[in-house]
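Structure, as structure tokens:
Every read-out reported here was derived from the displayed coordinates using simple, explicitly stated rules and does not represent laboratory data. Source: prediction; values computed, not measured. Neighbour counts run over all protein chains shown; Cβ positions are idealised from the backbone, glycine included.
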Amino acid sequence: MDKSSISDNLHLITDRIQSAANSIGKNADDIRLVVVTKGHPLERVNQAVEAGVSDIGENYVEESVPKIEAVGDVEGLEWHMIGHIQSRKARKVVEHFDWVQSVDSLRLAKRLDRFAGEIGKQIPILIECNVSGEESKFGLTAWNELEWAELAEEIGQILELHNLNIKGLMTMPPFFSDPNQARPFFIVLRKLRDYLSTQFPANDWQELSMGMSADFEVAIQEGATIVRIGTAILGPRV
Ligand SMILES: *Cc1c(COP(=O)(O)O)cnc(C)c1O
């Protein structure tokens, strides 16, 4: 994969994002594309940035911090943590990332808040929700609507942490070869967002981060405002 093929893929994916957005009366500008660079070397990250990528997603602290430091200050570039965060790595995440999409417990949220306070930073976050019940998936338990009141209580406590700004929800549905099978899980996340907006109307619940290489068009049709795409732009991970 060289710079021109990354750029070609980026154009193709941007066109597909635009078509999916248009199909529900939205513009391409309403959807933020986060390019996921986990498993790809620094060189590839730099190529993506040169090709005009403005949001990058990474999963692992050890892998991402050296990349973030090497890429350095680039106007408008934002780094999104999208992977599960171990407690002892929370400080590094706060120091290096612009967004944390994978806040999957109150305990983690409290740690992130504390470290953010120590360095005087306000961090936009998403609450990661498990809408499928798969044990391999991280996220607050959200697949059973009957438990949403309990979930709202926990989220209410995260809302009180003043250095974290909840912008919405994130999820990763099970993988299906037919992306339409992921649709019900995207719908659950959207409905949960709507429920939380009625419970906590003072907060802005706009963002829904859902959809990856295999299913981003379906996710956009169901209300995604952020898609996280790796393979379809950068090729297979090494
Ligand atoms: C790896 C990853 C992605 C990107 O997956 P692709 O299938 O390569 O597009 C998106 N979101 C999360 C949370 C990931 O871990």
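Close amide H contacts of residue 128 (hydrogens built in the peptide plane, cut-off under 5 Å, sequence separation of 5 or more or a different chain): 103, 104, 140, 170.
For the chain, a crude dipole built from +1 on the beta carbon of Lys and Arg and -1 on the beta carbon of Asp and Glu, taken about the Cα centre, is about 320 debye to the nearest 20.
Ordering 226, 131, 213 by the projection of their Cα atoms onto the charge dipole of the chain, which places +1 on the Cβ of Lys and Arg and -1 on the Cβ of Asp and Glu, puts 131 at the extreme positive end.
Using θ = phi - 60° in the Karplus curve 6.51 cos²θ - 1.76 cosθ + 1.60, the 3J(HN,Hα) couplings for the range 89-106 round to 9, 4, 4, 4, 4, 4, 5, 10, 9, 8, 9, 10, 8, 10, 7, 10, 7, 5 Hz; x is entered for Gly and Pro.
Just to confirm a number: summing +1 for Lys and Arg and -1 for Asp and Glu over residues other than residue 6 whose beta-carbon lies under 12 angstrom from that of residue 6, what do you get?
Cβ neighbours under 12 Å give a net charge of -2.
Seen from residue 218, the other residues with C-beta closer than 15 Å to its C-beta sum to a net charge of +1, counting Lys and Arg as +1 and Asp and Glu as -1.
Amide H contacts for residue 55 (H built 1.01 Å from N in the peptide plane; partners 5 or more residues away or on another chain; cut-off under 5 Å): 35, 78. Within the listed set 88, 114, 183, the Gaussian network model of the chain (springs between alpha-carbon atoms below 10 Å) gives the highest mean-square fluctuation for 88. Once the other residues with Cβ under 15 Å from the Cβ of residue 24 are scored (Lys, Arg +1; Asp, Glu -1), what is the net sum? Charge balance near residue 24 sits at 0. Remark: spin-label model distance residue 122-residue 98 equals 1.6 nm, labels positioned 7 Å along the Cα→Cβ axis. Applying 1/(1 + (r/R0)^6) with r as the Cβ-Cβ distance of residue 157 and residue 135 and R0 = 22 angstrom yields a FRET efficiency of 0.35. Counting only DSSP beta bridges with both residues in the chain, the antiparallel share comes to about 0 percent.
Between their Cα atoms, which of 89/191; 26/110; 38/121 are more than 30 Å away from each other?
89/191; 26/110
Under a 5 Å amide H cut-off, with hydrogens placed 1.01 Å from N, residue 39 pairs with nothing among residues at least 5 apart or on other chains. Sequence gap at least 6, Cα distance under 8 Å: using those rules, report the relative contact order of the chain to the nearest whole percent. Value for the chain: 21 percent. Across the range 164-194, the residues whose backbone nitrogen lies under 11 Å from the label position 7 Å along the beta-carbon direction of residue 145 are 188, 191-192. Run a plain Debye calculation on the chain (Cα atoms as equal point scatterers, no solvent) and give log10 I(q)/I(0) at q = 0.17 Å⁻¹, rounded to two decimals, same order as the q list. Values, matching the q order: -1.33. Farthest toward the positive end of the dipole of the range 3-234, out of 201, 186, 80, is the Cα of 80, where the dipole comes from beta carbon charges about the Cα centre.
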